[in-house]
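Here's the structure, in structure tokens; my notes come after.
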Amino acid sequence: MFVHLRVHTEYSLTDGIVRVEPPKRKGGGVGATLTSRAAELGFPAVAITDRSNLFAMVKFYKAAESVGIKPIIGADLWLEERMPQEPPERLTLLVQNDEGYRNLARLISLGYTDGQIRGQPLIRWDWLAAHAGGLIALSGRDGAIFRAAQVDQVGPALDALQRLSALFPDRLYLEIARCQRPGDEEWVAAACALSRHSGVPVVATNDVCFLERDDFEAHEARVCIAQGRVLADDKRPREYTPEQYLKSAEQMAELFADIPAALENTVEIARRCSLTLKFAPPYHLPNFPVPEGYDTDSWLLKRAHEGLQERFAELRATAGLSASEDEYRQRLDYELGIIEKMGFAGYFLVVSDFIQWAKTHGCPVGPGRGSGAGSLVAYAIRITDLDPLPYNLLFERFLNPERVSMPDFDVDFCMDNRDRVIEYVTQKYGRDHVGQIITYATMAARGVIRDVARVLGHGYGFGDAIAKLVPATPGATLVDALETVPELKRRYETEDDTRAVLDLGLALEGITRGVGVHAGGVVIAPKPLTDYAPVYCEPGGVGLRTQFDMKDLEAIGLVKFDFLGLKTLTIIQEAVDTIRRNRGVALDMLKLPLDDPQTYALYASGETTAVFQMESPGMQRAARDLKPDTFEDIIALVSLYRPGPMELIPEYCARKRGEAKVEYLHPDMEPVLSPTYGIFVYQEQVMQVAQRLAGYTLGGADLLRRAMGKKKPEEMAQQREIFRKGAQTRGISAEVADSIFDLMEKFANYGFNKSHAAAYALVSYQTAWLKTHYPAEFMAAVMSCEMAHTDTVVAMRDECRLRMGLTVLPPDINQSQIRFTVPAPRQIRYGLGAIKGVGEGALEGIIAERQANGPFKDLFDFCRRIDTRKVNKRVLEALIFSGALDCLGLNRASLHRSLPKALQFAEAAARRASSGQEDLFGSAGDAPAESLHIEPELAPEWSARELLARERETLGFYQSAHPLDPYAEMIDEICSGRLPELVRAQLSSSPPPLGSDGKPVWPTRSKSMFAAWVKDVRFFKGDATSEGRSARPSYKITLEDGGIEIACWVDADAFARVQSFVKPDGLVFVIAEIGIAPARDDREPEPRLYAPEFLGFDQVLREYAQRLTLDWRRPLAELSPLRRLLMPRRSADGVPVSVRYGNAKAACMLDFSSEWRVRLDDELLQQLQQLLGSDCVKVSYRKYVAPVSERRFAAAGGAFDDE
């Protein structure tokens, strides 16, 4: 018999690729798990001993128990050096019992919080002495005993052994392994000798880092990824061998046949290690302090009843009560009774406390989130701000008395202030009781390809090219990509290097590679956290978090509180602050009337960009169809627009408009389903129907809903019988009962949590109301909160300009603030903080100076007055490129050329000021700096293309012109027309006449050529279960010109031929038939391209250019640069070249000989413009002529086209 006692799993991070969870659960990859392989090999027990952590403990424990294997918990720790200059020594600790687990958790925690040196957690000897109980120690390679024995120092080896023996009496073992590493056999001999001398037993391990021998290469790759090395590096340390896999008991018995005791001791240690983890319930709730004379139950009751009385007054002043006060109080007492019975009063008080602190300390809080919005107690004590009674929100959906589980309030805070609330909680309950929650980063599909390509020695471009073939969709895996992307599959099958990268990538995909912090989760414990779980932090104590992730913490009974950051709350607060500052109007967003016709008109128009939950095109289309006019409609819209239930939107809209009949299988269903026109939309409706028609309690109905979601046949058969019997006692036939049950079952899986939907619908309504009544203030707040996301700022700017009729003023160093501002109604001034490359720290100083001493007069005044240590040359260039310094009186080229001189002037002024001298540049008696005039370095303005490119670089969009404008002359000469006029011509055309069969006879469509700017290229991997285009991988290409957008789909194979020039933010020429796709279902008529052919700029130059004409305004002696440019591009297939030359006496046109015909491309044209000036280079083009086309299907007798 044998048990593996040293195993490094994937959670060791720097080595180990042993999977703890199946690859599918972790997002991709291939391979077995530790427990599945151990079970296959028949091991009775197995240990994990990851490096300085217990990240995998709970997952491993559960997985081992599920397959009948005894889990042994341990870790490899590093002890501080015994003597200066000695390296730290490794000690493996295995947990015997609960005391041992707590001690190991404390040691690991101390290593991170107090013992980190250069990022490695080290354990001090006094800590080890204080926390050695309940632990078995293994000392082997990298231990002090091993190192002394290696150099035949018997005395120091015995001293080290004695020191550990004193700490671990009868619990110390000398660990030996035969993995064919240098020194292994010598240590086996020395350890056995020491064992005979001291009586400390030896134990065999295999220092496992992977499961199969064939996994060695993948493991080496993982190690190199962590070390930043390449596999072929002769100088890299080679610390592992192919033997470190999970060998069978038979293989280990053969390996240690000469030392059978070493094998027997593994089983003895496994017998001695008997940790039993206790999983929830019970739960470990934090201790909430209550006034003397109260416990948490009585204090919550007092708070709830007083709070409800306050809510009555507020409701009467606004919407009114939706039921009598007695009904409210009965519901409140019912909820309080359940909360007390389940022992969760303290939880409610903790959440209420930190929410009230946030609200009274300038941190906006959301009105609710999740099922907690269904609790009247939560509303009374101001955890939520939505009265649950008018919307039939159910408490049992949140806290079910028939199913013991923790309540879970998800609380949304303003993004900018969330950390302040967490800090308050930390101070209130104690820093050692509060921690954030760890997350684990895995090797995702694209990233692992780049990593593997690098360690295999390939250049970045090679790995990047393969990685980009993997769809950038969330959850995309390499297996999926190989099945759906033809180009990736082709390369895998035909290119050895690509196959090697992908095979290694598959072995490593999904492996844990690092740790992070949960976005909002905070755990508060009644005792120090290390009594329950070890903690982790960065060097210096930064980012303290539990070593167990969210699921594992919940499993052991710790309570997670969600402090979520919701940007929309920040937007609302910023808009409200701006409205108060600019207009003197103080808004209370919780007192808005929920029946504002203008707000509902905005929803009905579908123009809901930036409205919370309504941003997507599909949601906007649904809003146009539904035309919501009540708050219940907004709740339904939030609930319906999801996969599955969105199929119901057309029927829901038809019933709302009276175009479809509303029917009920039984009259008692009407009170529940009438708000949604007879359609099951919410989970709460399933529960209420079960209650009304079959006598379920609401707690029992919640269990029914959960059972329907799980779809377990045995459980469903049992529930169907309960439902049928309950319905029959109410006079409902078995046949009708079964029909109702079938209907409930169908929608239970799709149904949405109405409590969550109602709370988020309220936030949505608030943003829609602001957009309707204060559009500039609202959109300025939106863009201010998105400054770090340039693409979003660009989209919001387009929304302001193109659809809302707002004016977005450009950035201006004398007018702009860091954030977007509203200088006048319906105007927004661009925020300087949204300029790429300009940090907030630099801007704060600039704006403070401007506010203190007035606007900047010119570039020299600007540079003199700012702190050039914070505002460096790169920042100043970004301000110039963006146009923010246009107000300083020079064009951008001159500003850029004058910048070095201005900085020199500013530095000299600073030196003189610091030395107390008034003169500058060493000229005594000169005027003071502020009155000194310095001549700028003037330069012609950059070309339109350069100007626009630099705007795009710093702003993310083209401020001064459209990117096609520099090509306007070329486009007009070649193309059939500009895209807007071609589309308008189609939109204004008459409907097609009807043929004799009553079908439309579509006119002949001719091809047109136009230029467009590529706005977006998006990959869709296709659905193999579908038919037609949707089954195939394809790209959606969105083209734009003059505010008109048109999209087309291109199969992945065809796109591969044009992807070198069809790229976002690039010019492309298109030859296609332009038509209008008729309105269908929920889609408006829209322009459509048919059979598009894409041409790159250089291709158009080759095929359509007819002559190159240059204006020569220099002496003829300077022709050499021109000759150097034209010589490499001479070609018989090129265009003729003419030069227009003139001087004071005469002018002439010179035609170069045919030997000097040149092949044109974009690079040459730009070089010629730089040499001669942009107005001195002229290309003549031929016009595109469309081929004659016939109406499709005419020959076959068809009467309609493919529209």
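Please treat every number below as a calculation from the coordinates, not as lab data. Here the structure is a predicted model, which means the values were calculated and not measured. In this analysis, Cβ positions are derived from the backbone assuming ideal geometry, glycine residues included, and neighbour counts consider all displayed protein chains.
Quick one: which residues, 5+ away or cross-chain, put their amide H under 5 Å from the amide H of Ser1008? H built at 1.01 Å from N.
Ala1072, Glu1073, Ile1074
Evaluate the relative contact order of the stretch 778-955 (contact order divided by residue number), counting alpha-carbon pairs under 8 angstrom at least 6 apart; express in whole percent. Provide the component values of the computation, followed by the final result.
Working: 239 pairs, mean separation 33.4, N = 178.
The value is 19 percent.
When the dipole is taken about the Cα centre of the stretch 778-955, and only Lys, Arg (+1) and Asp, Glu (-1) are charged at their Cβ, what size is it in debye, to the nearest 20? Intermediate values should be presented prior to the final figure.
Working: 23 positive and 24 negative charges, 80 e Å.
The calculation lands at about 380 debye.
Counting other beta carbons within 10 Å of each Cβ, put Asp1161, Asp410, Asp1133 in order, fewest first.
Numbers: Asp1161 16, Asp410 19, Asp1133 8.
Ordered from fewest to most neighbouring Cβ atoms within 10 Å, Asp1161, Asp410, Asp1133 come out as Asp1133, Asp1161, Asp410.
Where Lys and Arg each count +1 and Asp and Glu each count -1, what net charge lies around Ala157 among other residues with Cβ under 15 Å from its Cβ?
Numbers: positive: Arg82, Arg141, Arg147, Arg163, Arg196; negative: Glu86, Glu89, Asp142, Asp152, Asp159, Glu175, Glu186.
Local net charge: -2.
Percent relative contact order of the chain, based on C-alpha pairs within less than 8 angstrom and at least six residues apart? Could you put the intermediate results ahead of the total?
Numbers: 2104 pairs, mean separation 88.9, N = 1203.
Across the chain, relative contact order equals 7 percent.
In the chain, what percentage of the DSSP-assigned beta bridges are antiparallel, given to the nearest 5? Intermediate values should be presented prior to the final figure.
Working: 72 of 108 bridges.
Given both bridge residues lie in the chain, the antiparallel proportion sits at roughly 65 percent.
Amide H to amide H, which residues 5 or more places from Tyr1181 or on other chains are under 5 Å from it, using H placed in the peptide plane?
Gln1106
Which of Lys341/Lys428; Lys836/Lys873; Lys59/Lys551; Lys341/Lys712 have a Cα-Cα distance over 20 Å? Before the final figure, lay out the partial values.
Values: Lys341/Lys428 27 Å; Lys836/Lys873 14 Å; Lys59/Lys551 9 Å; Lys341/Lys712 30 Å.
Cα-Cα > 20 Å for Lys341/Lys428; Lys341/Lys712; rest within.
Please give the charge dipole size of the chain, origin at the Cα centre, charges +1 on K and R Cβ atoms and -1 on D and E Cβ atoms. Round to the nearest 20 debye.
Details: 144 positive and 166 negative charges, 314 e Å.
I would put it at about 1500 debye.
Rounded, prolate or oblate: which one fits the stretch 10-272, using the alpha carbon gyration tensor with axes a ≥ b ≥ c (rounded when a/c is under 1.5, else prolate when a/b beats b/c, else oblate)?
On the way: a/c = 1.26, a/b = 1.25, b/c = 1.01.
Rounded is the answer for the stretch 10-272, as its axis ratio a/c remains below 1.5.
Given N residues in the stretch 596-745, what is its alpha carbon radius of gyration divided by 2.2 N^0.38 Å? If you can, show how the numbers build up before the last one.
On the way: Rg = 17.4 Å, N = 150, 2.2 N^0.38 = 14.8 Å.
Dividing the Cα Rg of the stretch 596-745 by 2.2 N^0.38 Å gives 1.18.
Under 8 Å for C-alpha pairs, at least 6 residues apart: give me the relative contact order for the stretch 278-414, rounded to a whole percent. Mind showing how you got there, number by number?
Values: 148 pairs, mean separation 37.0, N = 137.
Computed over the stretch 278-414, the figure is 27 percent.
Divide by every residue of the chain the summed helix terms, -39500 (n - 2.57) for each DSSP H run of at least 4, and state the resulting mean residue ellipticity at 222 nm, rounded to the nearest 500 deg cm²/dmol.
Details: 45 runs with 502 residues, N = 1203.
It lands at -12500 deg cm²/dmol.
Provide Phe680, Phe1097 in ascending order of the number of other Cβ atoms located within 10 Å of each residue's Cβ, fewest first.
Least to most surrounded, the residues fall as Phe1097, Phe680.
Within the stretch 624-663, which trypsin sites (Lys or Arg not before Pro) sit in a loop by DSSP and count at most 14 neighbouring Cβ atoms inside 10 Å? All intermediate terms of the calculation are to be shown ahead of the outcome.
Details: sites: Arg624, Arg655, Lys656, Arg657, Lys661; in loops: Arg657, Lys661.
Sparse-neighbourhood loop trypsin sites (Lys or Arg not before Pro): Arg657, Lys661.
Along each of its three principal axes, how wide is the spread of alpha-carbon positions in the stretch 353-420, in whole angstrom units, largest first?
38, 26, 17
Could you state the principal axis extents of the C-alpha atoms in the stretch 1-79, from the largest down, to the nearest angstrom?
Principal-axis extents of the Cα atoms in the stretch 1-79, largest first: 35, 34, 18 Å.
Please work out how much length the chain gains when fully extended from Arg382 to Ala601, using 0.36 nm per residue of separation minus the C-alpha to C-alpha distance, in nm with one decimal.
Working: separation 219, 0.36 × 219 = 78.84 nm, distance 3.12 nm.
Gain on stretching Arg382 to Ala601: 75.7 nm.
Towards the positive end of the charge dipole of the chain, with charges on Cβ (+1 Lys, Arg; -1 Asp, Glu), say which of Ile847, Leu592, Leu506 has the farthest Cα.
Checking the options against the dipole of the chain, the answer is Ile847.
Using the Karplus equation 6.51 cos²θ - 1.76 cosθ + 1.60 (θ = phi - 60°), what ³J(HN,Hα) coupling, rounded to whole Hz, does each residue of the stretch 1177-1187 give in order, writing x for Gly and Pro?
Ordered by residue, 3J(HN,Hα) equals 10, 10, 10, 9, 10, 8, 7, 5, 10, 6, x Hz.
Tell me the net charge near Arg124. Cut-off is 11 Å between Cβ atoms, Arg124 excluded, with +1 for each Lys or Arg and -1 for each Asp or Glu.
Values: positive: none; negative: Glu80, Glu81, Asp114, Asp126.
Result for the local shell: -4.
Could you give the distance between the Cα centres of the stretch 626-666 and the stretch 37-97, to the whole Å?
The stretch 626-666 and the stretch 37-97 have Cα centres spaced 55 Å from each other.
When 1/r is averaged over all different Cα pairs and the result inverted, which Kirkwood radius in Å belongs to the stretch 778-955?
On the way: mean 1/r = 0.0580 Å⁻¹.
The Cα-based Kirkwood calculation yields 17.2 Å.
Hey, what's the Cα Rg ratio for the chain versus the globular rule of thumb, 2.2 N^0.38 Å?
With N residues counted in the chain, Rg over 2.2 N^0.38 Å equals 1.12.
Take the cross-link list Lys1015/Lys1178; Lys591/Lys656; Lys627/Lys771; Lys710/Lys746 and give me the ones stretching past 23 Å between alpha-carbons.
On the way: Lys1015/Lys1178 28 Å; Lys591/Lys656 28 Å; Lys627/Lys771 17 Å; Lys710/Lys746 12 Å.
In this structure, Lys1015/Lys1178; Lys591/Lys656 lie more than 23 Å apart at Cα.
How big is the equivalent ellipsoid of the stretch 278-414 along its three axes, where each semi-axis is √(5λ) from the Cα gyration tensor, reported in whole Å from largest to smallest? Please list the in-between numbers first.
Numbers: eigenvalues 102, 63, 49 Å².
Here the semi-axes work out to 23, 18, 16 Å.
Among the trypsin sites (Lys or Arg not before Pro) in the stretch 703-734, which ones are in a DSSP loop with at most 11 other Cβ atoms within 10 Å of the Cβ? Mind listing them?
Working: sites: Arg705, Arg706, Lys710, Lys711, Arg720, Arg724, Lys725, Arg730; in loops: Lys711, Arg730.
Within the stretch 703-734, the qualifying trypsin sites (Lys or Arg not before Pro) (loop, at most 11 other Cβ atoms within 10 Å) are Lys711.
Calculate, for Ile1044 and Lys527, the FRET efficiency according to 1/(1 + (r/R0)^6) with r their C-beta to C-beta distance and R0 56 Å; round to the nearest 0.05.
Numbers: r = 65 Å, r/R0 = 1.16.
With R0 = 56 Å, the Cβ-Cβ based efficiency is 0.30.
Any idea how far apart Ser248 and Val1188 come out in nm if each label point goes 7 Å out from Cα toward Cβ?
According to this spin-label approximation, the distance is 8.1 nm.
Once the dipole of the chain is set up with Lys and Arg at +1 and Asp and Glu at -1 on Cβ about the Cα centre, which of His756, Val662, Leu1160 lies farthest towards its positive end?
Leu1160
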